[in-house]
């Protein structure tokens with residue numbers, strides 16, 4: 001299994017759980033974007049699609065924040081066979097703090113064509129828990145309640161290497 005991390009705006013700095021997973025696990029690589037601070041949906045979609053094509057059908061996507069909305073757009077436009085997706089801290093595009101630079105990343109509310117886990121915090125400033133429950137149902141996913149850990153990132157959550165998050169990938173491993 002190859003794990004492709006799909007960061008959001010800013011590209012997940014060195015203390016973010018995605019970056020830590022990339023450093024700790026040889027099977028984990030980042031979907032790189034040309035500009036992490038000025039997201040362009042079509043360009044980001046192309047990079048994600050190329051990374052998945054390169055990784056093959058045994059890959060799992062581990063997305064954070066805006067990366068989750070990117071995965072939903074990709075699944076609706078360029079679906080490829082993958083093992084599954086871990087979508088962490090899905091932001092609400094209609095929420096009061098959603099970045100204006102990401103306005104192209106609208107909310108798609110159709111079932112995703114692969115097994116999906118949505119991990120949500122009860123005090124995420126980018127999405128209230130009720131939003132997370134609604135989008136989980138719309139995407140045909142399963143919800144994991146992460147408790148009160150902010151945006152599930154390096155700045156507010158203290159997740160470090162986040163072994164509990166990594167353990168959520170276990171059902172998609174070759175041995176499962």
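Each reported figure results from applying straightforward, stated rules to the coordinates on display, with no laboratory input. Computed from a prediction, not measured in an experiment: that's the story for all the values here. Using ideal geometry, Cβ is built from the backbone for each residue, glycine included, and neighbour counts are taken over all protein chains shown.
Figures for the structure shown
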quantity: Value of [θ]222 nm, deg cm²/dmol, for the chain, DSSP H segments ≥ 4, -39500 (n - 2.57) each, nearest 500; calculated: -8500 deg cm²/dmol
quantity: Per-pair calculated FRET efficiency, R0 = 41 Å: residue 46 and residue 161 via Cβ, rounded to 0.05; calculated: 0.85
quantity: The chain: relative contact order as a whole-number percent, Cα under 8 Å and 6+ apart; calculated: 22
quantity: Approximate spin-label separation residue 23-residue 130, in nm, with each point projected 7 Å along Cα-to-Cβ; calculated: 4.0
quantity: Label-point separation in nm, residue 15 to residue 103, each point 7 Å along Cα→Cβ; calculated: 3.3
